[in-house]
Amino acid sequence: MNTPRKAILLAAGLMAFMLAGAQNRIDFTEYDLGNGLHVILHKDNSTPIVAVTISYHVGSKNEDPERTGFAHFFEHLMFEGSENIGRSEFDKIAMNAGASLNANTSFDRTFYYLLLPSNQLELGLWMESERLLHLRIDSIGVETQRSVVKEERKQSYDNRPYGTLMEKTFSAAFKEHPYRWMPIGSAESINNATLEEFMEFHSIFYVPNNATLSIAGDIDVESTKELVQKYFGDIPRGTKEIYRPDIVEPAKTAEVRDTVYDNIQLPAVVQAYHIPAKGTPDYYALSMLTTLLSDGESSRMTKSIVDKQQKAMFVGAFPFALEDPGLFLVFGIVNSGVAPDDFENAINEEIAKTQQEELSDREFEKLRNKIENDFISRNSTMAGIAESLSDYHMYYGDANLINTEIDRYMAVTKADIKRVANQYLTKENRVVLYYLPKQTL
């Protein structure tokens, strides 16, 4: 392609991107209540649906090492009921109103959502205010959820093939930082915790000044403000210090390798490299690198290791986007008859290519298009928009990143991707785990 033609096409692409950005801009209103609750409202009257979400800035990293799993425990307990909602009635009330609901807990925050017909907005606000102000924390609910959480751990971690893979990886990668345990926590911690300890944890973290209420959908902004004030305005501000860990994981200077024997049929290999926190410039380059390596059938690792060499059933690279420095994971399940070290060598070869060779213009353009499409897709639903607005405010103090964060990805150059591959994907900076079938013992 001659230079003028290339310049014209690049300019056309840039113009199309700018026009698309203008068309997809998400407008919102945000403000604080007197009790510290941050409120974000996004109006979209295209469908009669509204997402009522609330995020609490508490995850597993805010826990006592002797009492892990508390944030995840409250994800369950918050559905138990309140002073004005009967035990186990929360789900029924929501579903009878045509709503869907759920929650999730991470290392850094807990997120609850109700997706309702827009004429049920007031009901959703009342329900969320009830479990913020009047959550039922008693021995019956605690014992019920204690059993539920322990069973979840058995089913999702202890008794599932490869179920402990993430737990083993993070505990090997982090020795000081609280990312060393998973949000599910330990069964022993949940077993030993007292009712008073759960109540204390709740009083610290589940308060308006540690929460973001994000509402997106078919609303009138001014009347929604009135309803928010009605149901949340009188909830008392929390008075206890909110624990934010300032622990810095020591820099790694030597590779860590280990072997885990599990009830599996095929071996797996995990590589975990330490990377900066999300929102940092290098995080965006590393995130794009994982997309290059493994996102989609035409990605480098899939084409080379799975399709061409047939050394793995699956291989993937994932950036664990965390509020504090996290991990760049490469994980794969080895094909029958292939040695794990042979598969690992194939991974290393693909990583080495990113360190030694610059991307072609065509591959880089394809990568940028994939990043842009993924960014738009994340905000294609009301629940997705509400969650993104909440996360951007909570982690960055800037909800408008829902419109502008894509610029940070687009600022990444081919040279940046090559540089971060060399800087972070080093032997000294990684943990390598081999998951092997128990029958090989």
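The values are calculated or read from the model by the stated rules, or taken from the named source; none is laboratory data. Computed from a predicted model, the values in this text were never measured in an experiment. No Cβ is skipped: glycine too gets one built from the backbone with ideal geometry, and neighbour counts run over all protein chains shown. Accessible surface areas use protein heavy atoms only, side chains included; no ligands, DNA or RNA. Shrake-Rupley method; radii C 1.70, N 1.55, O 1.52, S 1.80 Å.
Just one of the listed residues (Y284, Y261) is in contact (Cβ under 8 Å) with a residue 24 or more places away in the chain, aromatic (F, W, Y) and open to solvent by 30 Å² or more (accessible area, probe 1.4 Å), namely Y261. For the residues R408, R430, the requirement of being open to solvent by 70 Å² or more (accessible area, probe 1.4 Å), in contact (Cβ under 8 Å) with a residue 12 or more places away in the chain and in contact with a Phe, Trp or Tyr (Cβ under 8 Å, 6 or more places away or on another chain) singles out R408. When you look at D258, is it closer than 26 Å to S336 by Cα, of a type in the set (D, E, K, R) and not in a strand (DSSP E or B), yes or no? No; evaluated as a whole, the condition is false for this residue. As a summary of the residue check, K240 satisfies the conditions (1) loosely packed, with under 13 Cβ neighbours inside 10 Å; (2) closer than 27 Å to N335 by Cα except for the one numbered (2).
Filter the range 387-403 for residues that are over 15 Å from the mean Cα position of the chain (by Cα) and over 17 Å from D32 (Cβ atoms); which is most open to solvent (accessible area, probe 1.4 Å)? So, considering only residues that are over 15 Å from the mean Cα position of the chain (by Cα) and over 17 Å from D32 (Cβ atoms), the one most open to solvent (accessible area, probe 1.4 Å) is N403.
Scanning the range 95-143 for residues that are under 24 Å from E222 (Cα atoms) and among the acidic types (D, E) yields a count of 3. A search for C-beta distances below 9 Å between a residue of the range 375-392 that is of a type in the set (S, T, Y) and in a helix (DSSP H, G or I) and any residue that is modelled with pLDDT of 95 or more and open to solvent by 30 Å² or more (accessible area, probe 1.4 Å), counting only pairs 6+ apart in sequence or on different chains, returns Y392/D398; Y392/N400.
Criterion first (modelled with pLDDT under 95 and either outside any helix (DSSP H, G or I) or farther than 20 Å from A173 by Cβ (or both)) does K370 satisfy it? Yes; evaluated as a whole, the condition is true for this residue. What about V142, is it within 30 Å of L322 (Cβ to Cβ), buried (at least 23 other Cβ atoms within 10 Å of the Cβ), touching a residue at least 40 places away in the same chain (Cβ under 8 Å) and in contact with a Leu (Cβ under 7 Å, 6 or more places away or on another chain)? When the stated conditions are applied, V142 does not pass them.
In summary, helices (runs of 4 or more DSSP H) completely within the range 160-213 and bearing 1 or more residues that are free of Cβ contacts under 8 Å to residues at least 12 places away in the same chain and either touching a Cys at 6+ places or on another chain (Cβ under 8 Å) or of a type in the set (D, E) (or both) occur at 187-192, 195-205.
Among residues that are farther than 23 Å from D324 by Cβ, surrounded by 20 or more Cβ atoms within 10 Å (Cβ to Cβ) and not small (G, A, S), L367 is included.
Answer yes or no as to whether L292 is assigned to a helix (DSSP H, G or I), hydrophobic (A, V, I, L, M, F, W, C) and touching a Ser or Thr at 6+ places or on another chain (Cβ under 9 Å). Judged against the criteria, L292 is a match. When T53, T68 are checked against the criterion of being in contact with a strand residue (DSSP E or B) (Cβ under 6 Å, 6 or more places away or on another chain), at pLDDT 95 or above and among the β-branched types (V, I, T), a single residue qualifies: T53.
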